[in-house]
Amino acid sequence: MKTAETKKTIGILGGMGPEATVHFFNFIVQMTRANHDSDHIPVVIINNPLIPDRTQAIVNKGKSPLPDLIRAARKLEQAGADFIVMPCITAHYYYPEIIKHINIGFIHMIKEVANFIQTELPDIHNFGLLATTGTIKTELFQKEIANTNRHIIIPDPEQQKKVVDAVYRKKGIKAGFKEFPLEILSQIAQHLKKKGAQAIIAGCTEIALVIENLDIDLPTINPLHILASTSIQLAGYSLKQSKI
């Protein structure tokens with residue numbers, strides 16, 4: 001039972017991939033000001049790794065994940081979530097359709113990143129994007145960041161192929177590896193810096209798992225961290241720190 005009207009239950013639409021979901025939930029636990037178990041936030045998680053790959057659906061016309069995303073969102077609502085968050089960036093391509101089928105709030109992670117950039121990084125105008133090809137082709141970040149009068153810089157085509165390798169190949173992040181992907185992503189971050197990037201955005205939640213260890217002397221932006229901060233406060237709880 002909620003102890004006050006301001007206290008809310010978070011619903012996490014996860015499994016895309018599972019490690020990113022765990023990482024995001026861990027942020028919520030670590031970042032919430034709490035002295036006892038009962039001070040933490042009630043969270044409902046659907047971790048469905050069988051949701052079809054979002055990039056394959058967008059780029060290669062693979063099976064659409066939308067029906068599974070809608071079912072998961074409905075289940076979270078039925079389970080008592082007051083609002084939903086989705087720690088998969090590419091899946092936000094389907095956000096406009098998902099919200100048509102639920103009656104609770106749904107935080108848009110990329111909009112939260114844009115808000116963060118405006119308030120916390122007012123002097124930075126060029127952001128390098130490390131993301132899946134699906135996210136880049138749908139221009140999810142490009143459109144939102146453009147609304148802040150800032151610019152997204154993407155890798156050249158050959159470099160973008162390496163980003164995909166870092167996420168998807170046998171020794172990629174989705175396979176549980178970190179060292180090989182981090183080396184590749186650090187090289188591409190340097191490439192983005194040469195193109196004028198003043199900060200690097202982890203535009204894929206798998207990349208968010210390693211973003212803080214990039215070998216780059218630029219600010220790095222972790223959307224999972226930003227989303228966790230917003231979620232905690234929207235649920236009516238306090239952060240351990242005032243800024244992330």
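Read the figures in this text as sums done on the coordinates, not as results from a lab. Only a predicted model underlies this, so the values are computations on that prediction, with no experimental measurement involved. Note that each Cβ is placed from the backbone with ideal geometry, even for glycine, and that neighbours are counted across all protein chains shown.
Counting only Cα atoms, the stretch 110-222 measures 38, 28, 23 Å along its principal axes, largest extent leading.
So for the chain, Kirkwood radius off the Cα pairs, Stokes-Einstein at 4 °C and 1.567 mPa s: how many µm² s⁻¹? So the translational diffusion coefficient is about 71 µm²/s. Computed over the chain, the per-residue total of -39500 (n - 2.57) for DSSP H runs of n ≥ 4 gives a 222 nm mean residue ellipticity of -12500 deg cm²/dmol, rounded to 500. Here the simple spin-label model places points 7 Å from the Cα toward Cβ, and for I99 and K137 these points are separated by 2.5 nm.
Could you size up the charge dipole of the stretch 166-244 around its Cα centre, putting +1 on the beta carbon of Lys and Arg and -1 on that of Asp and Glu, and report it in debye to the nearest 20? Before the final figure, lay out the partial values.
Values: 10 positive and 6 negative charges, 36 e Å.
It works out to roughly 180 debye.
What are the DSSP H helices in the chain that stretch 27 Å or more along their long axis, judged by alpha-carbon atoms, and whose average Kyte-Doolittle hydropathy comes to at least 0.5? Write down the numbers at each step before the final one.
Numbers: long enough: none.
Answer set is empty.
Compute the longest continuous run of the chain that contains no exposed GluC sites (Glu not before Pro); treat a site as exposed when its DSSP state is not H, G, I, E or B and it has at most 14 other Cβ atoms within 10 Å. Before the final figure, lay out the partial values.
On the way: sites that count: E5, E139.
So the longest stretch without any such site is 6-138.
Note on the chain: dipole from Cβ charges, positive end direction compared against Q159, Q190, I98; the farthest Cα belongs to I98.
Check each of the chymotrypsin sites (Phe, Trp or Tyr not before Pro) in the stretch 138-200 and keep only those in coil by DSSP with at most 15 other C-beta atoms within 10 angstrom; list them in order.
Details: sites: F141, Y168, F177; in loops: F177.
Sparse-neighbourhood loop chymotrypsin sites (Phe, Trp or Tyr not before Pro): F177.
Of all DSSP-defined beta bridges confined to the chain, some 5% are antiparallel rather than parallel.
For K143, list the lysines whose Cα falls under 26 Å from its own Cα; do not include residues on the same chain fewer than 8 positions away. Reachable lysines: K61, K63, K100, K111, K161, K162, K193, K194, K195, K243. Rounded to the nearest Hz, the phi-derived 3J(HN,Hα) couplings of the stretch 134-151 under the Karplus curve 6.51 cos²θ - 1.76 cosθ + 1.60 (θ = phi - 60°) are x, 5, 5, 5, 7, 6, 4, 6, 4, 5, 5, 5, 4, 5, 9, 6, 10, 10, where x marks glycine and proline. Stretched out straight at 0.36 nm per residue, the stretch from K61 to E120 would grow longer than its current Cα-Cα span by 17.5 nm.
Across the chain, the mean sequence separation of Cα contacts (distance under 8 Å, 6 or more residues apart), normalised by length, yields a relative contact order of 24 percent.
For the stretch 110-222, what is the charge dipole size about the Cα centre, in debye to the nearest 20, if Lys and Arg each add +1 at the Cβ and Asp and Glu each add -1 at the Cβ?
Computed about the Cα centre, the dipole is about 420 debye.
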